[in-house]
Amino acid sequence: MKKKLFIFLLLLSVKGFAQLKQMPAYPLAVHDPYFSIWSTSDNVNESTTKHWTGTNNSLVAMLSVNGVWYKFLGNTENKLEALLPDSDVSPYVSKYTEIKPSVDWTNINYDDNSWRTGKGIFGSTTTGPQTEWNSKDIWIRRAFTVASTSVHELLLKLKYDDNVEVYLNGEKIYTATCCSANKEVALNNSIQQKLVAGKNILAVHCENTGGPGIIDVGLYDKLPVEKMNNAVQIQKNITATQTNYEFKCGDVALKLNFTSPLIASDLDLLSRPVTYINFQIQSTKESKVKLVLLSADAIAKNNAGEAVNKEIGSAQNISFIKTGTVKQPVLQKKGDDVRINWGYSYIAVEKGNNTKQSITPAINGFTSSAMSETAIDFGTVKNNAVTKTILLGYDDLYSIQYFNKNLQAWWKKNYTDMQSLLVKAFADKQRVKTICDKFDDDLYTKALAAGGEKYAELCIAAYRESLAAHKLVRGENNEILFPQKENFSNGSIWTVDVTYPSAPLTLIYNPSLLKGMVEPIMYYSESGIWTKPFAAHDLGTYPIANGQTYGEDMPVEEAGNMIILSAAICKAEGNYEFAQKHWKVLSQWVEFLLKDGFDPLNQLCTDDFAGHLARNTNLSVKAIVGIAAYAQMANVLHLNDKAKQLKDTAIAMASRWQQMANDGDHYALTFDKKNTWSQKYNLVWDKLLGLNIFPKSVYEKEIKFYLTKQNKYGLPLDSRKTYTKSDWIVWTATLASNQKDFQALINPVYDYLLETPTRVPLSDWHETTNGKQVGFQARSVVGGYFMKMLEQKWNNKK
């Protein structure tokens, strides 16, 4: 009783307080894979705000206090002078070959006359390139001339998928491995000195290790910008749905709040592509205060060179600026490193004599393109706090194509157009803030109870990022569709082995959303379009979902995933109607696992970046747990003979697994290679679903061993490399039988969150020795961090 009272008082004492203060990147306006704006610096006024891909989506805000301006949001955009433009500026002609050249191919004087000539960007057919590249390797040479070698700062811009090497006049200047990325790399003085007056050669080799490939490079002179007087940032904190900053601007205290109301249990709020930007002003003495917010055109276009139209309009009590590309190529662009170039961005404010909206032309040394300007005159401020709100929204017109039918976002079920949604959003602003405050406190309190303070902060960091990798779409029959984009891992849509790790979040807050991820894959098989005996890997390349585009299947992985997820949905909903509805295809998949699941052939699993692996013991666990999960569903559906048969089979398989995988004080990576190990994260469903196929001694043996293998920033994925997947670490840690061991495995992941030098939306794939990103970012899989909370919720229901 005393222990319970202590926990209650502890939770009461922290409820409502600031929660997370440090992240690799901070979510500002995040809703879906296209409408997603982040800050990549701890002080929000020291960097240009960006789309999750790294492309600038600039928001700049300034406060005038008695005539003195203070910049408190965003930063000036550096103008880039092209020495060698990439495809964002214009298609370009270069020499290329897909046959390995001689070792001197990077040199200026190399004879490339036998090479082919093509236009960049180069990529797989599915990426919509200027020149198709569908082989494993491509070598590219781009010649350019400079009159002078004097540059301010040499900048390499590149997009690649997967491995890349870049050379300037024969010297390697950049290299990176899997997976997809969009980067701007500042090159040091020694590299700048490799430039020569006259002819230069930028040479690139890119290797595609699987899935779509893409390569695009450019070289720029980054020009200096005019410096502005920055507001002093006092503090910041992040909750599940909000990002907050406080500033000092002379005598004025400013609070800045971004609220993206991604409330998973409320489909109306979750679907609304509208972020509230709240400004609270308070002064220690009488001050005249004005505010200006500038919003860039880039939010509504994929490439910098695309022309846009802008218009200022109004609806009822609001005014708005609407921005979109001239061409409006709806759903014509698909791929990984792409942004939306159809539909319209909106910036809206309540009408009044103190507000004004206008179109501001590019300002030399300050903005690189025209901006939408919203100005608010607070008048004379003293003592009493004054709050004003600006809305940032996006209407994508059509969100995805689903088996050749264009579908719209869920919010269009209730609103005729964006203007009516913005009017409603303003009317709802206090209600929405109250809902978000309550939800944020509740999430933190429950996460704290489940796993402790550091675990709770990891859940806060993951919440918006996970949901904003999805788009809530209304199906033709009013069904919930919740596709995710496989961000910076190949751009697939409805990827099963991305749904699988992300599932704990939606199982907690709204299992209907998980059904919106799982059922389209079931339909793909049930309709007869997909004819293989296991589940598909994906339904296409985002936002086009007409069928699998990934080049290789993951047979055991996806069949096991779909059965386990179905059992989890049934448990979360408290009934088995979902299993009954899809029993035929679930039965087909379990038959495949019975035949091929226990000792998997050489194949990919969800950790495909690590390469093919035969006799994978963790993949075998997935098959065994999948069979047992099917047996559990069969039992509830009163298919008693089938349930007993498959449960007995799973128990026998688990016993055999322990013998074959045993490697002394742990279990091996593969059945045939001793002195190896791996995280057996798939075991967690045996525990959470209450299957009890594997004895607890298996969990305990593995956890004890893992605690001896950790590095500074976490437990490696397996014995082959020192990198890890942080979502899997949380699953693995949930196998622990006590909080001490759980937190011992979680704490290094928390250190990674705070200390990683890679300033991008939280990457789930990082190096455990130095905390650097290896690949992937802004992915829904961080929803897997909620596994411990899911265990707590289901245990509390017992």
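The values are calculated or read from the model by the stated rules, or taken from the named source; none is laboratory data. What you see is a predicted model; the values in this text were computed from it and never measured. Virtual Cβ from ideal backbone geometry, glycine too; neighbours counted across all protein chains shown. With ligands, DNA and RNA removed, areas are computed over all heavy atoms of the protein, side chains included. Shrake-Rupley method; radii C 1.70, N 1.55, O 1.52, S 1.80 Å.
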Return the carbon/sulfur percentage of the accessible area of region 629-710, one whole number, probe 1.4 Å, all protein chains in place.
49 percent
Gain on full stretching of the segment that runs from Thr722 to Gln645 - 0.36 nm per residue minus C-alpha separation
23.6 nm
With Cα extents along the principal axes in Å defined as stated, name the option among (i) 100, 75, 46; (ii) 78, 74, 50; (iii) 89, 72, 67 computed from the structure displayed.
(ii)
Hey, how many Å between the Cα centroid of region 127-167 and the Cα centroid of region 678-724?
41 Å
With a length cut of 24 Å (Cα positions projected on each helix's long axis) and a Kyte-Doolittle mean of at least 0.5, go through the chain and give me the DSSP H helices that pass.
555-573, 617-636
The size of the Cβ-based charge dipole (Lys, Arg +1; Asp, Glu -1) of region 192-237 about the Cα centre, to the nearest 20 debye, is 200 debye
If the cut-off is 23 Å between C-alpha atoms, which lysines fall inside it for Lys194, apart from same-chain ones fewer than 8 positions away?
Lys79, Lys95, Lys157, Lys159, Lys172, Lys183, Lys222
Rel. contact order, % - alpha carbon contacts under 8 angstrom, at least six apart, the chain:
12 percent
Within the set Lys255/Lys471; Lys584/Lys644; Lys433/Lys788; Lys71/Lys255, which residue pairs have Cα atoms separated by over 25 Å?
Lys255/Lys471; Lys433/Lys788
Would you work out the relative contact order for region 99-234, in percent, from Cα pairs under 8 angstrom that are 6 or more residues apart?
33 percent
Using alpha-carbon positions, the gyration tensor of region 389-491 gives root eigenvalues a ≥ b ≥ c; with a/c under 1.5 called rounded, otherwise prolate if a/b exceeds b/c, else oblate, the class is oblate
Simple SL model, points at 7 angstrom along Cα→Cβ for Glu311 and Glu591; separation in nm is 5.7 nm
Would you mind calculating the gained length between Ala143 and Lys532 on full extension (0.36 nm times residue separation, minus the Cα-Cα distance), in nm to one decimal?
135.3 nm
Quick one: length gained pulling Asn353 to Glu577 fully straight, 0.36 nm per residue minus the C-alpha distance?
75.0 nm
Tell me, what is the per residue accessible area of region 660-706 in Å², probe radius 1.4 Å?
36 Å²
Once you have a ≥ b ≥ c as the square roots of the Cα gyration tensor eigenvalues for region 643-709, tell me rounded if a/c is under 1.5, and otherwise prolate or oblate according to whether a/b is larger than b/c.
oblate
Distance between modelled label sites at Asn66 and Asp672, nm, 7 Å Cα→Cβ extension
8.0 nm
Taking C-beta distances below 4.7 angstrom as the pairing criterion, name the unpartnered cysteines of the chain, in sequence order.
Cys206, Cys249, Cys436, Cys459, Cys570, Cys605
Label zone at Arg431 (point 7 Å along Cα-to-Cβ), backbone N below 12 Å, region 253-289:
268-269
Take the solvent-accessible surface of the protein heavy atoms, probe 1.4 Å, and return the percent of it on region 441-481 that carbon and sulfur atoms account for.
36 percent
Percent relative contact order for region 572-725, counting Cα pairs under 8 Å at least six residues apart, stands at 19 percent
